[in-house]
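For reference, the structure discussed in these notes is given below.
The values are calculated or read from the model by the stated rules, or taken from the named source; none is laboratory data. It should be emphasised that the depicted structure is a prediction, and the values quoted were computed from it without experimental measurement. All Cβ positions, glycine included, derive from the backbone under ideal geometry; neighbour counts span all protein chains shown.
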Amino acid sequence: MANTFKSDPIEFKPAVAQPAPDSTVGIVAWMRVNLFSSIPNAMFTIFIMLGLANFIPGIIDWMFISSTWSGVNQDACVGDGACWVFVKAWSQQFFYGSYATDQIWRVNLSLILLFVVIVLSFTLPASYRLKVSVPLFLVLPFVCIAILDGRLLGLEHVNTDFWGGFSLNVLMAAAAIIVAFPFSFLWALGRRSDMPLARSISVVFIEFFRGVPVLALFFMGSVMLPLFFAEGTNVDKLVRVWIVLIFFMSGYMAEVFRGGFQAIPSGQYEAADSIGLGYWQKTLLIILPQVIKVSMPNILATFVMLFKNTVFLLIIGIPEVLQTLLTALSNSNWLGGHAIEGYVFVGVIFWVCCFGMSMLASNIEKKLDTSHRN
Amino acid sequence: MFKQKTTEQIKAATRKTESGSHAFYNNPKYRAVIYQTLLIAGLAYFFYTIIGNTLGNLEAAGIKSGFGFLGNAAGYDVLMSLIPFESTDSYLRVFIVGFLNTILVSILGIVLATLLGFIFGVMYFSRNWLIKKVSVVYVETFRNIPLLLQILFWYSAVLATLPGVRDSLSLGEAIFLNVRGLFIPKLVGQDGSTLVYVAIAIAIVAIFVMKSWAKKRQDETGQQFPLLYASLGIFFGLPLLATLVAGIPFVVDYPVLQGFGFRGGITVIPELMALTIALSVYTGAFIAEAVRAGIQAVPHGQTEAARSIGLKEGKIMSLIIVPQAMRVIVPLLNSEYQSLVKNSTLAAAIAYPDLFNVFVGTALNQTGQAIETIFMAIIVYFAVNMFISFVMNRFNRNVELVGR
């Protein structure tokens, strides 16, 4: 009997799996769930579709199909579409301002240095990352200024009046946030300090620079700041704006850091105390690295704000990218109404940069978020 | 023996520390005093230097400091003014005109931005894929483009392409839109219109009274009162009734084409339109993001729990999700409103006559009183922002989690 079981086992053969019903897979089912799940939903979908069908072809036609891409001057633009020749003809101005053409490599070099330092700060081995990248960052603005100005390095001197364009926006924002970093850290520490005077001074400083419109700060930089220096001192316009941006930024960043400090569990402070570290050892070696890590998304968000705010410089007459665009639009050779092309172009540049940075910020945030919500 | 000696030594060492034979500069108390003294001394020296320099510079430039210039005639005209203004009026009047214009654009911006923000923020949670994507595209597009660029875009690329006065777009021959601005009819109150204004005031008071009565009744008896419909009824019904009783004491002043422009009605200048549109679209994107964050911060378990006790979907939203989401949204709204007010200074780029433009811009140029004008403007922005903060904090106290 036992043998029969062995020699004649009952084989289990599952029935061939049926395909999922047509109503749950495929594009039709997806559309039914996501676009036409109820009558109001279907109405909204049709409404939006009609709207898109009305606008999108026209926009595509204007941007790509009937637009003009080649040519050197306005006469090339005869079609109804966008005149990208305008953007092409002015592109060097948009990116580099009036910087001399044969010296543009210096602007590029500064941008490349900035890029390299940023990449290094992410890729260096963790054991000496902070020790190398922090000094590099702090030296960078001054190296860039030396390269762009040229006098110190024995290069041809380029006056700051000729600096401009989008590269100025980028470098200005970077230089401001880098120098603001240590300051904001000090203000944040001051605001958390036990010393009442230090605390109140920090609070007044932070709230002043956060509460005042940026434009008022720029006016202060261009009209009031010269009054503060001794008679006869002539401080460069860009340096004054730089100082203003640094103060503005350190006010905002101090609040970001304060949030970071509050996010560090008190056990970290107590552990550092218990192994006998002094105040600065504790702050710089234990707390600060953690604060920078947890505040990274907010630091990036603040930087995006600063970067967008650099276009405000046009109001005090500094030739950053938007000011260059306005100059180009009022140029007598280009009076054909290219406003939309110009704004779209500058808008897209800013959008790509800012959107990229917000994506980066939310990625870091997701990586840091170890909670189990949802 | 040996062990005992060690303990003795330790004790001795400890005693030494306690008795304070260490240098006084290692005592945190003294240290704090020293640091703060140094800080104050440094600051005092800093301010002493800059004040000295400033006075010296002002003297060299021949500018008399002080607020005396406020009484002088301004000598320039302002593009738009909510109160009567002539170029012979004083700088103080310019200040008030600018202030009112700033308040006007701020209120318009805040109302529209809140509307846009809540609509697009809630749209993100739609089950309709297309609606959700529209919300995402709106937020990501307008949040990541500098506001100044948007203002200039609306002003010189969109509104400047509107038709001229003679071929204005019109809606029922009452509302006109052209390159000179938007022209809308105005209601002019005649005799008896006071009754209607009184009715509006009574309606608002009545709604608050009714609200507290309904809450009290619900606490006592558990019966709910259809508050929303009743308030709407009172708010529109009472003034309407008053209007009819007083015999419709209003005349509509329509804008009419006369010569080269429109006369009558209310004129909304394109500068105001561009600034309002740009501010509200830009801030609306941030508010939409805040609303989305607030709703997402409510754990999904709350929805499930609400469903399990049998609440309807609409009630879940209004009774469970929104009150909890508001705790996150309100503080964010507070800072968005404040930055909207601060951003309204960008009016300078398109010459909308806000406080900053007419006062810090033009008045400063004419008088050279840099410190006084900037100081006055900054005080105003601080005051407005403190007011917003005060109102929003009061509101926040209503939605906050009550700890028991």
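Does residue B:99 satisfy being more than 24 Å from residue B:342 (Cα to Cα) and touching a residue at least 60 places away in the same chain (Cβ under 8 Å)? Here the answer is no, as residue B:99 does not meet what is asked.
Table: residues versus (1) in contact (Cβ under 8 Å) with a residue 40 or more places away in the chain; (2) surrounded by 14 or more Cβ atoms within 10 Å (Cβ to Cβ); (3) in a helix (DSSP H, G or I); (4) away from chain B (no Cβ under 14 Å).
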{"position": "A:267", "(1), (2), (3), (4)": "no, no, yes, yes"}
{"position": "A:283", "(1), (2), (3), (4)": "yes, yes, yes, yes"}
{"position": "A:287", "(1), (2), (3), (4)": "no, yes, yes, yes"}
{"position": "A:295", "(1), (2), (3), (4)": "no, yes, yes, yes"}
{"position": "A:299", "(1), (2), (3), (4)": "yes, yes, yes, yes"}
{"position": "A:304", "(1), (2), (3), (4)": "yes, yes, yes, no"}
{"position": "A:312", "(1), (2), (3), (4)": "yes, yes, yes, no"}
{"position": "A:341", "(1), (2), (3), (4)": "yes, yes, yes, no"}
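If you take the residues of segment B:374-404 that are within 9 Å of another protein chain (Cβ to nearest Cβ) and without any contact (Cβ under 8 Å) to a residue 24 or more places away in the chain, which of them is farthest from the chain's Cα centre (by Cα)?
Our first condition is that a residue be within 9 Å of another protein chain (Cβ to nearest Cβ); within segment B:374-404, this holds for B:374, B:377-378, B:381-382, B:385-386.
Filter again for without any contact (Cβ under 8 Å) to a residue 24 or more places away in the chain, leaving B:374, B:377-378, B:382, B:386.
Working: B:374: 20, B:377: 16, B:378: 15, B:382: 12, B:386: 10 Å.
Here the answer is B:374.
Considering only residues in segment A:194-217 that are touching a residue at least 40 places away in the same chain (Cβ under 8 Å) and crowded, with 18+ Cβ neighbours inside 10 Å, the one that is nearest to the other protein chains (Cβ to nearest Cβ) turns out to be A:215.
Of everything in segment B:159-174 that's among the hydrophobic types (A, V, I, L, M, F, W, C) and free of Cβ contacts under 8 Å to residues at least 12 places away in the same chain, which residue is nearest to the other protein chains (Cβ to nearest Cβ)? Please lay out each step first, then the result.
Of all residues in segment B:159-174, those among the hydrophobic types (A, V, I, L, M, F, W, C) come to B:159-160, B:162, B:165, B:169, B:171, B:174.
After this cut, where a residue has to be free of Cβ contacts under 8 Å to residues at least 12 places away in the same chain as well, the list is B:169, B:171.
Details: B:169: 18, B:171: 20 Å.
For segment B:159-174, the residue satisfying everything is B:169.
Out of the residues in segment A:169-183 meeting the condition of being over 14 Å from the mean Cα position of the chain (by Cα) and under 15 Å from residue A:244 (Cβ atoms), tell me which one is surrounded by the fewest Cβ atoms within 10 Å (Cβ to Cβ). In this case the residue turns out to be A:183.
Between B:42, B:71, B:52, B:62, the distinction of being in contact with a strand residue (DSSP E or B) (Cβ under 6 Å, 6 or more places away or on another chain) and at pLDDT 65 or above belongs to B:71 only. For segment B:244-280, filtering for residues that are crowded, with 18+ Cβ neighbours inside 10 Å, under 30 Å from residue B:199 (Cβ atoms) and charged (D, E, K, R) leaves 0. Taking the conditions (1) touching a strand residue (DSSP E or B) at 6+ places or on another chain (Cβ under 9 Å); (2) touching a residue at least 60 places away in the same chain (Cβ under 8 Å) in turn, residue B:323 satisfies each one other than (1).
Identify the residue in segment A:25-67 that is among the polar types (S, T, N, Q) and exposed (fewer than 11 other Cβ atoms within 10 Å of the Cβ) and, among all such residues, is farthest from the other protein chains (Cβ to nearest Cβ). Give the steps one after another, and end with the answer.
The initial filter retains those residues of segment A:25-67 that are among the polar types (S, T, N, Q), namely A:34, A:37-38, A:41, A:45, A:54, A:66-67.
From the residues that got through so far, the ones that are exposed (fewer than 11 other Cβ atoms within 10 Å of the Cβ) too are A:38, A:54.
On the way: A:38: 8, A:54: 14 Å.
My answer is A:54.
Within segment A:274-287, identify whether any single residue is closer than 28 Å to residue A:122 by Cα and within 25 Å of the chain's Cα centre (by Cα), and answer yes or no. No, that holds for no residue.
Counting residues in segment B:306-319 that are farther than 30 Å from residue B:383 by Cβ and within 14 Å of chain A (Cβ to nearest Cβ) gives one or more.
Condition test on residue B:350, is it free of Cβ contacts under 8 Å to residues at least 60 places away in the same chain, over 30 Å from residue B:51 (Cβ atoms), crowded, with 20+ Cβ neighbours inside 10 Å and of a type outside the set (Gly, Ala, Ser)? When the stated conditions are applied, residue B:350 does not pass them.
May I ask you to verify whether residue B:29 is exposed (fewer than 10 other Cβ atoms within 10 Å of the Cβ), at pLDDT 75 or above and over 23 Å from residue A:205 (Cα atoms)? Taking the combined requirement at face value, the residue satisfies it.
Within the option set A:98, A:121, being part of a helix (DSSP H, G or I), hydroxyl-bearing (Ser, Thr, Tyr) and farther than 30 Å from residue A:33 by Cα holds for one residue only, A:121. Cβ-Cβ distances below 6 Å connect the following pairs, each with a first residue in segment B:42-65 that is at the interface with chain A (Cβ under 10 Å from one of its Cβ atoms), a second residue that is of a type in the set (S, T, N, Q), and a separation of six or more residues or different chains: B:58/B:65. Against the criterion of being away from every other protein chain (no Cβ under 14 Å), part of a helix (DSSP H, G or I) and of a type in the set (A, V, I, L, M, F, W, C), residue A:104 qualifies.
Residue count for segment B:183-225 satisfying the condition of being in contact with a helix residue (DSSP H, G or I) (Cβ under 8 Å, 6 or more places away or on another chain) and among the small types (Gly, Ala, Ser): 5. Screening residue B:231 on (1) in contact with a Leu (Cβ under 9 Å, 6 or more places away or on another chain); (2) free of Cβ contacts under 8 Å to residues at least 40 places away in the same chain; (3) crowded, with 18+ Cβ neighbours inside 10 Å shows it passes everything except condition (1). Listed conditions (1) modelled with pLDDT under 90; (2) assigned to a helix (DSSP H, G or I) are all met by residue A:235, apart from (2).
Yes or no: segment A:321-332 includes at least one residue that is among the aliphatic types (A, V, I, L, M), more than 14 Å from chain B (Cβ to nearest Cβ) and surrounded by fewer than 18 Cβ atoms within 10 Å (Cβ to Cβ). Taking every residue of segment A:321-332 in turn, none turns out to be among the aliphatic types (A, V, I, L, M), more than 14 Å from chain B (Cβ to nearest Cβ) and surrounded by fewer than 18 Cβ atoms within 10 Å (Cβ to Cβ).
Looking for whichever is more than 12 Å from chain B (Cβ to nearest Cβ), surrounded by 16 or more Cβ atoms within 10 Å (Cβ to Cβ) and either touching a residue at least 12 places away in the same chain (Cβ under 8 Å) or under 30 Å from residue A:350 (Cα atoms) (or both) here; the options are A:249, A:220. Which one fits? Spell out how you get there, then give the answer.
Values: A:220 fails: more than 12 Å from chain B (Cβ to nearest Cβ).
Sole residue among the options that is more than 12 Å from chain B (Cβ to nearest Cβ), surrounded by 16 or more Cβ atoms within 10 Å (Cβ to Cβ) and either touching a residue at least 12 places away in the same chain (Cβ under 8 Å) or under 30 Å from residue A:350 (Cα atoms) (or both): A:249.
Do we have any residue at all in segment B:104-111 that's aliphatic (A, V, I, L, M), under 30 Å from residue B:328 (Cα atoms), within 14 Å of another protein chain (Cβ to nearest Cβ) and in contact (Cβ under 8 Å) with a residue 60 or more places away in the chain? Looking through segment B:104-111, at least one residue is aliphatic (A, V, I, L, M), under 30 Å from residue B:328 (Cα atoms), within 14 Å of another protein chain (Cβ to nearest Cβ) and in contact (Cβ under 8 Å) with a residue 60 or more places away in the chain. Residue B:356 falls short on exactly one of the conditions (1) facing another protein chain (nearest Cβ under 9 Å); (2) farther than 30 Å from residue A:223 by Cβ; (3) among the aromatic types (Phe, Trp, Tyr), and that condition is (2).
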